[in-house]
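Okay, structure first, notes after.
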Amino acid sequence: MAGRRPLVLIVEDEPDMLLLLRLTLEEEGFDTCLAADGATALRRVDEDRPDVVLLDLMLPVLDGWGVLAELRARRRAPPVVVCSALDGAAERRRAAELGAATYVTKPFEVGRLLRALREVLPGRGAAPEAAGRSRLGLGGAAPA
Amino acid sequence: MAASDEVPEQIRREARVVGLRRFHTPSLEAVERRRMQLWLLTAVLIVALSTGAALLSLWPARTWGFARPGTLRLGIVALSVAFCVYAIDKELHLRRLARLLIDERVLTAALTNRLRELTLLLEAGKAVNAVLDLDAVLDIILRSALELLGGRSGSVMLVEGEELVAACVSGNDPARGERVRLGEGIAGRVALSREPALIDGTVAGDGAVSPDRPVSALSAPLVHRDQVLGVLNVNAERGRRFTEYDLRALATFAEQAAAAVANARLYEAERRHVAELLELDRLKSEFVALVSHELRTPLASILAAGETAMMPAVRDEAMEELLDIIVRQSHRLAEMVEELLLAARLEAGEREVELQEVDAVALARVAAHDLGPSGRTVEVEGPEEAIVAADPDLLRRVLDNLLDNAHKYGAPPVRIAIEPGEEEVVVSILDAGPGVPAGERERVFERFARLRDTRRQPGLGLGLPIVRGLVEACRGRVWVEDAPGGGAAFRVALRAARVPAERA
């Protein structure tokens, strides 16, 4: 069963946010691996082969832009959901140009983030955690 | 002007009398020609009359009716006399006309000269006022002055403190950048007395006239609104002597030049000011972006944790962690809001504090002790007590901020060293990190300094600006230097409240 849970790489330098995302995603039926800077994130992409990357932009060592650029240069890169407190149109455009699948602005609604992750999962029709099976009941439907 | 209008009228009248009607304004040459004609006519007539008289005397005495020789002779004499009177009268008028014409020429030449001067002044004024760059203005002033007076070389010197500095030089006397104390040398004395000076080599102002120095020179002060801005110096071409008249012309020009210099300076100051304001505006916009980003980060955690906690099936352990996150991030948010408000209040200069006697050593020990649970260690060195005039809350905040700073950007060991002095107590926070580069030491206390960095450090970058504001509110000073043995030393100097008690 564990092999069937999609693996999310959470890239975030803010410890509480990292912890929080892990808690929420694991409760929602994802497996997670973590990175607190861009360089680690690239290493974990190679080692752990995540199904999707949840990426903050303001990161030490190598920032989110650098990670996006590096990932785009790879042949088999996972889709990326950017999750940042930067909310300018310029940042959204730049992220899209660098191949980000979705852009979620902090602060975010948990339901929206989960939807965004599920939407970009490869072969998402087969994604095991559909709305009904989500432990937290926050699958596809928007939270009240 | 009335007098000069009269002259042509007089000339016209004289010209009419001597028969120079065709010439609206007769020339001297025309007058001379007329004179020649007059004297030629006179000569011809005299010759004719004399010949007539001679022939008459040779003629045998005969009676020609009424024309007896005696009567004819008398007639010839009368004609000669009448013509002589006519010729002399015309000659007098011609002379008068010639004199008037010469006067007119002199006057015209003088007027032309004056007009040229005024035109040059006007042009220089226009050129000077059309340009607002100070160097260009000085250049135009000097070139115009040299042209106006036929100078060989010159300089514009500007007052800087107690000195005159050669800001614009033509020729090589003096060299650009040369400095003269006010009151010394010719220029220095002109600047002090505000009186233009005419320098003649024979009565040299400073007594020293070297062969390569000009024999004749002018120096006029640049005075604008009762303030001496500088001195304009012009040296004569070789073989030329300046006169009082030249001095007056230069002084008049200097008035205009001074106004232009003042305008250019004003404009430069204004331009600098505008550039500063634009930069400040840009920094403020960036600061707003930074603040919103920094405030959103904990807010995002709080909201997401809250939402997750409200989901129906959260495990108890997860719930506990979520609540922890909410509390921690709320504290962080509150701290940041507090920091922003404090910085704003300090900037507005609102903080008026009552200074009390505070033991800096005791306060430092408490601050070090309170850091214990976070795992950060701080060593306190100093006497048993050091009483300063400060506000204990503010001083504590200063220490906390500097200690936090030392741990964040410096490296352990972090120490507080307190050195009491007669007037001041210096509290130093020392670390063993990389230190602050010499060029950055003032800037780190400025707001927005963080913005010029990589932006990777979390936080608002208000820590040190707040420290400076708080220390100044306690009438103290704060600065950073290299710690002995490497690292940064942030030093806070506070007024000593009383001389430390002598202890055995």
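The values are calculated or read from the model by the stated rules, or taken from the named source; none is laboratory data. Just so we're clear, the structure is a prediction, and the values are computed from it rather than from any experiment. Every residue, glycine as well, gets a Cβ built from its backbone with ideal geometry; the counts of neighbours run over all protein chains shown.
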Test for B:Phe287: is it of a type in the set (Phe, Trp, Tyr), within 26 Å of B:Ala344 (Cβ to Cβ) and either in contact (Cβ under 8 Å) with a residue 60 or more places away in the chain or surrounded by 15 or more Cβ atoms within 10 Å (Cβ to Cβ) (or both): yes
Candidate set from region B:218-248 (those that are more than 25 Å from the chain's Cα centre (by Cα) and either among the basic types (Lys, Arg) or buried (at least 21 other Cβ atoms within 10 Å of the Cβ) (or both)); member that is modelled with the lowest pLDDT: B:Arg238
Test: B:Val337 is more than 8 Å from chain A (Cβ to nearest Cβ) and either among the acidic types (Asp, Glu) or under 26 Å from B:Ala497 (Cα atoms) (or both): no
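State the number of residues belonging to region A:76-118 that are of a type in the set (S, T, N, Q) and more than 14 Å from chain B (Cβ to nearest Cβ). Can you show your working first?
Of all residues in region A:76-118, those of a type in the set (S, T, N, Q) come to A:84, A:102, A:105.
Next, only the ones that are more than 14 Å from chain B (Cβ to nearest Cβ) stay: A:102.
Summing the residues that are of a type in the set (S, T, N, Q) and more than 14 Å from chain B (Cβ to nearest Cβ) in region A:76-118 gives 1.
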Criterion (more than 30 Å from B:Cys474 (Cα to Cα) and of a type in the set (D, E, K, R)) met by exactly one of B:Arg296, B:Arg365: B:Arg296
B:Leu55 being farther than 30 Å from B:Leu20 by Cβ, assigned to a helix (DSSP H, G or I), at pLDDT 80 or above and not charged (D, E, K, R): yes
Residue pairs meeting the criteria (Cβ under 7 Å; at least 6 apart or on separate chains; first under 18 Å from B:Val398 (Cβ atoms), in region B:416-441; second among the basic types (Lys, Arg) and surrounded by 17 or more Cβ atoms within 10 Å (Cβ to Cβ)): B:Val426/B:Arg491; B:Ser428/B:Arg491; B:Leu430/B:Arg415
Answer from A:Leu68, A:Leu114, A:Leu121 - the residue that is in contact with a strand residue (DSSP E or B) (Cβ under 8 Å, 6 or more places away or on another chain) and under 30 Å from B:Met310 (Cα atoms): A:Leu121
Top-ranked residue of region B:484-500 - restricted to ones that are among the hydrophobic types (A, V, I, L, M, F, W, C) and at pLDDT below 85, ranked as surrounded by the most Cβ atoms within 10 Å (Cβ to Cβ): B:Ala497
Hits in region B:371-397 (condition: touching a Leu at 6+ places or on another chain (Cβ under 9 Å), under 19 Å from B:Asp431 (Cβ atoms), surrounded by 15 or more Cβ atoms within 10 Å (Cβ to Cβ) and β-branched (Val, Ile, Thr)): B:Val378
Strands (runs of 3 or more DSSP E) within region A:1-75 that include 2 or more residues away from chain B (no Cβ under 12 Å), of a type outside the set (Asp, Glu) and touching a residue at least 40 places away in the same chain (Cβ under 8 Å): A:7-11, A:52-55
Where B:Ala127 falls short, out of the listed (1) closer than 24 Å to B:Glu270 by Cα; (2) in a helix (DSSP H, G or I); (3) touching a residue at least 24 places away in the same chain (Cβ under 8 Å): (3)
One residue from B:Ala343, B:Ala368, B:Ala334 being among the small types (Gly, Ala, Ser), surrounded by 11 or more Cβ atoms within 10 Å (Cβ to Cβ) and in contact with a Leu (Cβ under 7 Å, 6 or more places away or on another chain): B:Ala343
Count of region B:90-120 residues which are crowded, with 17+ Cβ neighbours inside 10 Å and either closer than 30 Å to B:Tyr267 by Cα or of a type outside the set (D, E, K, R) (or both): 8
Filter result (surrounded by 15 or more Cβ atoms within 10 Å (Cβ to Cβ), of a type outside the set (D, E, K, R) and not in a helix (DSSP H, G or I)) within region A:98-116: A:Leu98, A:Ala100, A:Ala101, A:Thr102, A:Tyr103, A:Val104, A:Thr105, A:Pro107, A:Phe108
Residue in region B:359-380 that is within 11 Å of chain A (Cβ to nearest Cβ) and basic (Lys, Arg) present: no
Only listed residue being surrounded by 15 or more Cβ atoms within 10 Å (Cβ to Cβ), within 14 Å of the chain's Cα centre (by Cα) and either of a type outside the set (A, V, I, L, M) or at pLDDT below 90 (or both), chosen from A:Ala41, A:Ala127, A:Ala36, A:Ala95: A:Ala36
Residues being part of a helix (DSSP H, G or I) and at the interface with another protein chain (Cβ under 7 Å from one of its Cβ atoms) - total across region B:300-328: 12
